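Take a look at the structure set out below.
The values are calculated or read from the model by the stated rules, or taken from the named source; none is laboratory data. Here the structure is a predicted model, which means the values were calculated and not measured. Cβ coordinates were reconstructed from backbone atoms using ideal geometry, including for glycine residues, and neighbour counts include every protein chain displayed. Keep in mind that these areas ignore ligands, DNA and RNA; they rest on the heavy atoms of the full protein, side chains included. Shrake-Rupley method; radii C 1.70, N 1.55, O 1.52, S 1.80 Å.
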Amino acid sequence: MRVVLDANIYISALLVGRGCEEILTLGRTGVIQVLSSPEIIDEVASVLRRKFHWSPADPADAKILAFGVAGKADVIVTGDRKHPLPLKKYRGIPIVSPAEFLEQIG
């Protein structure tokens, strides 16, 4: 099944989880095929910046955070000191530098 998701589905999955997160998981696991476009991703980023005061981070940063949540990551490792790293934590997932990560696992 090929499915187009409105931007609010992505935002709800990021911020609330529940059913919307489950829909994204269905896409990630191949049960459904999620169709997207740069315009949809731009809308998601725009809403997050406007309504939730997210920093004007590159949409790639938002994708990393979303993937961390969707994948139930234990940690997000980034060298980007301008955007994700200052958050220190996102939805309960620690965000650390490569050096901090290596210290933790060493």
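Structure summary
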quantity	calculated
Å³ per residue enclosed by the Cα convex hull of the stretch 3-58	78
Cα Rg over Rh - the chain, Kirkwood	0.99
Heavy-atom accessible surface of the stretch 21-106: percent carbon and sulfur, 1.4 Å	58
Estimated distance in nm for a label pair at Val75 and Thr29, the labels positioned 7 Å out from Cα along Cα-to-Cβ	2.7
Accessible area of the chain divided out per residue, in Å², using a probe of 1.4 angstrom	65
Relative contact order computed over the stretch 1-93 (Cα-Cα under 8 Å; 6+ residues apart), in percent	24
Spatially near lysine pairs across the stretch 44-102, Cα under 18 Å, sequence gap of 8 or more or different chains	7
